[in-house]
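To start, the structure under review is shown below, and the notes come after it.
The values are calculated or read from the model by the stated rules, or taken from the named source; none is laboratory data. The structure displayed is predicted, hence computed values, not measured ones. Cβ placement follows ideal geometry from the backbone for every residue including glycine, while neighbour counts extend to all protein chains displayed.
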Amino acid sequence: MKKQYKESRKFPRYTKIIHVECTVKNFPGDLIDKKAKIKEGETFRATTINVSQSGILINYDYILPERTTLELAVTDDAIASRSNPMKFEVRIAWTKRNAYKIFGRFSAGLHIIKENKADIEKLVEHFN
């Protein structure tokens, strides 16, 4: 008989792929790289892989250091609009290089640090 798997996370993850826009708010003070491909204030596209009440997993094409703060904007027509996007302030908790670059060369686990509770519930409902 197969042992039942118990989720160890506080909040469950919901998988769905949507495109988002990320703006670099600031890099960690001790890790500023003058050779970085993307600078503070610049925006890049990313793809969500999963979301929970406390975090989001994204794939993207630029390596960014852990503890970098981003503004993540969801403009997917099924959830929000370009004129009124959902916005979340997030911090990169971890990064890794992807073996295949289907949705991006890198993955990052984002911890949500500032959000509208109604927006996060709507996002989780959309993913669920």
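Structure notes:
- Residues of the stretch 39-62 classified as part of a strand (DSSP E or B) and either on the phi > 0 side of the Ramachandran plot or hydrophobic (A, V, I, L, M, F, W, C) (or both), total: 7
- Count of residues meeting criterion [at pLDDT 80 or above and either surrounded by 12 or more Cβ atoms within 10 Å (Cβ to Cβ) or more than 26 Å from S81 (Cβ to Cβ) (or both)] in the stretch 34-44: 7
- Flag: R91 does not match the condition of being exposed (fewer than 11 other Cβ atoms within 10 Å of the Cβ) and not polar (S, T, N, Q).
- Filtered residues of the stretch 91-122 (kept if more than 26 Å from E40 (Cα to Cα) and in a helix (DSSP H, G or I)): K117, A118, E121, K122
- When the test is whether a residue is under 14 Å from the mean Cα position of the chain (by Cα), closer than 13 Å to H19 by Cα and of a type in the set (G, A, S), A78 does not pass it.
- Flag if I49 is under 21 Å from E121 (Cβ atoms) and either touching a strand residue (DSSP E or B) at 6+ places or on another chain (Cβ under 6 Å) or touching a residue at least 24 places away in the same chain (Cβ under 8 Å) (or both): yes
- Restricting the stretch 4-33 to residues that are over 16 Å from the mean Cα position of the chain (by Cα) and either under 16 Å from E66 (Cα atoms) or not in a loop (DSSP other than H, G, I, E, B) (or both), the residue that is modelled with the lowest pLDDT is D33.
- Lone unmet requirement of (1) farther than 22 Å from N26 by Cβ; (2) at pLDDT below 90 for R97: (2)
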